[in-house]
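First the structure, in the form of structure tokens, and then the observations on it.
Nothing in this text is a laboratory measurement; each read-out follows from the coordinates by a stated rule. Note that the structure is a prediction, hence the values are computed from the model and not measured. All Cβ positions, glycine included, derive from the backbone under ideal geometry; neighbour counts span all protein chains shown.
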């Protein structure tokens, strides 16, 4: 059986890739996709810990399902914001969406 | 008739109201203001005469007991000062004279003040306001039932005399082209002199009132003259004398100042600087009469505890009166100013009144006060009319001739008059009536009243049988009567007889009716006034007011029988004086040395300079006072006080300068503004972290988390 830390490494790598995407992508949709990757990295972790540490109760899996639900909602809201921003400012480049600056 | 007593408070209040109305509302309307003043005093006169009538009809009950209206005024602790009004026979006698003479003077003033003045002169209204206040003061004094209200009125008159004597010093420098600076200065000096001189007496009077109040707890006449109170006052010893005597002498001090008795007489002649109606007002109806009234009103205090003939306070009154009567008359001989002769005559006649009171006879003194008020008002108004005629003549001459130079023409100088009886007959005849009354020729008023004083003195002399005080008083009075006649003879001869000695006198003309009609009315009173107490008509005044002090049980008055010898001697002296004065000066020519001066030589010079009393006072009192004031001024302004004040001021200024620098530099710019600047800069620097880019924030968060993780790993 694959040891736990392999799963954790995969999840960490996935998280880092997501984080990198969030931080470096100029396109807001790309940023949103990075966020999805980070959430899914967490899901991997949750499921892995459930499988290896507490297989008797279903907490890890249930939690992962919640995260997926919330992620879906988040994606819907995020995309709606991006579309609204695009309609207003003709752009989805996050660097240009900086009206909250000093 | 009793109804009139309820109106008594209105007698002083109406002129007071007139004063207030003129000052507050109508002071821009000259004619209206003068009418208000005359209306006020005329109403007062009517009410007063109603009161007099009611008193006569009221019989002995009202005349002796009096009618009273106490008004509680000033509660102090457990006692209440009450300032009320009272009328008895004495008050009624005064009320007959005072408002009426005042009214005559007011009417006369309306004509007098208009002449030679521009119609818009604001002083015209002011003049009427002042004389109204003056009349209010005198009337208040007469109807007062206590010393407090009397003193208030007394001081009111003091103030008014100051304002009116100095009246010509109010000059409107915007509208008047020619201002006689010397006159302004003289008027100012005279006003001050009158105010300060009478003040000396007033302080004494006030001290007397304070003493009286502290001993008796009351200032009401009726209460302080009760036999018990007087006895109580006699038992207290003060400075080795019974307190009552000391109080009486203090009150007499006030009267000496107000009634211009020797040695405080100096203000009265100088008071001639005021407008002539004011002179008449001061000399006849108000001011100087107040002093005599005070002594008469407080007569029980002067006598209490002694026989009338030996009361020390009373003897002082008699002596001062006799000295003043004689001494004032002699100065009158040598004066050239028509009004100054009358002024010294007033001093002398006031001396007679004091003599009468000093002999213990209320009626004799007050009778002379009343008759004198009429004929002296007449003489003063007449002299004002003469002066006006002269000024008009002078104006006319100055207009017609080419020389416009302001020569040193003095319209008051009798030496430049002469022959005026033809030019001014309507002034001349009343003036003669006044002169005969003053001199004391039968049947004019002055004869009866002066004779009563002299008869009183002679009677007391006969009773005592020795050459004591009454004899000397009688002698001074009789000699004074002769000298009075002499200077009046000189005056009428210089003014009305002979040839005009100046162009102005030959061009003089009669004054308007508003001036001459009061003269005629007063002349009637100068003729018949004496019958009020003439012995052959039953001495009416004696019965009317003689007994007002009976309740005190110390003043007893009985009419002294008419003495043909005394009357004969004084009438002879008067006739002799009048005729010789007239005969000597009848043909006086301009530029001549005066006959009196030729005969009397240095004595005349002494008289002309008023015995050098003014100079003496100047040397003894005024110069030291001025010197002291100078020293105090230097001490205050030059040497000590001001430099000290300046030093303290400088120290304060320097200290505050230092504080100011510290405050601006250290506190303001370093601390307050420095703090603000630091935070401002910090904020400026920090706000750049707010980029608005979500990714930057997240980057910071990630790095921070990593750092914290790293720290966690490193230290755990």
**Report entry** Structure-based [θ]222 nm, chain B - -39500 (n - 2.57) summed over DSSP H runs of at least 4, per residue, nearest 500
**Finding:** -22000 deg cm²/dmol
Report task. Compare A:22, A:31, A:92 in a GNM of chain A, Cα atoms joined below 10 Å, and give the one with the largest fluctuation. Result -> A:92
Requested in this report: Set the Förster radius R0 to 30 Å, insert the Cβ-Cβ distance between residue A:76 and residue B:699 as r into 1/(1 + (r/R0)^6), and round the FRET efficiency to 0.05.
Outcome: 0.70
Query raised in the report: Given R₀ = 51 Å, FRET efficiency for residue B:711-residue B:661 by Cβ-Cβ distance, to 0.05?
Result: 0.45
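I need the peptides B:672-679, B:314-321, B:524-531 ranked by packing, meaning the mean over residues of other C-beta atoms within 10 angstrom, with the highest value on top.
Numbers: B:672-679: 10.6, B:314-321: 23.4, B:524-531: 21.0.
Result, highest mean first: B:314-321, B:524-531, B:672-679.
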Query raised in the report: Does the range A:4-96 classify as rounded, prolate or oblate by the C-alpha gyration tensor (a ≥ b ≥ c root eigenvalues; a/c under 1.5 gives rounded; else a/b over b/c gives prolate, otherwise oblate)?
Result: oblate
Query raised in the report: Over all residues in A:93-100, what is the mean tally of Cβ atoms on other chains that come within 10 Å of each residue's Cβ?
Result: 3
Report summary line: For chain B, averaging the sequence separation of alpha carbon pairs under 8 Å that lie six or more residues apart and dividing by its residue count, the contact order in percent is 12
Report task. Rank the residues B:451, B:88 as a footprinting-exposure proxy: fewest other Cβ atoms within 10 Å of their Cβ go first. Result -> B:88, B:451
Query raised in the report: If we count other beta carbons within 10 Å of each Cβ, what is the order of B:53, B:420, fewest first?
Result: B:53, B:420
Requested in this report: Order by neighbour count: B:62, B:101, B:665, fewest other Cβ atoms within 10 Å first, most last.
Outcome: B:665, B:62, B:101
Requested in this report: Can you check how the C-alpha radius of gyration of chain B compares to 2.2 N^0.38 Å, as a plain ratio?
Outcome: 1.35
Query raised in the report: Calculated FRET efficiency, residue B:576 and residue B:3, Cβ-Cβ r, R0 60 Å, to nearest 0.05?
Result: 0.70
Requested in this report: Sort B:544-551, A:32-39 for me by packing, meaning the mean count of neighbouring Cβ atoms within 10 Å per residue, highest on top.
Outcome: B:544-551, A:32-39
Query raised in the report: In degrees, nearest 10, range 0 to 90: what is the angle between the Cα axis of helix B:673-686 and the longest Cα principal axis of chain B?
Result: 30
Query raised in the report: Listed highest first by mean packing, meaning other Cβ atoms within 10 Å per residue, what order do B:237-248, A:51-62, B:486-497 come in?
Result: B:486-497, B:237-248, A:51-62
Query raised in the report: Looking only at other chains, what is the average number of their beta-carbon atoms within 10 angstrom of each beta-carbon in B:691-697?
Result: 6
**Report entry** Per-residue average of Cβ from other chains inside 10 Å of B:677-690
**Finding:** 1
Query - Three-way shape label, the range B:506-587, alpha-carbon gyration tensor, a/c 1.5 - result: oblate
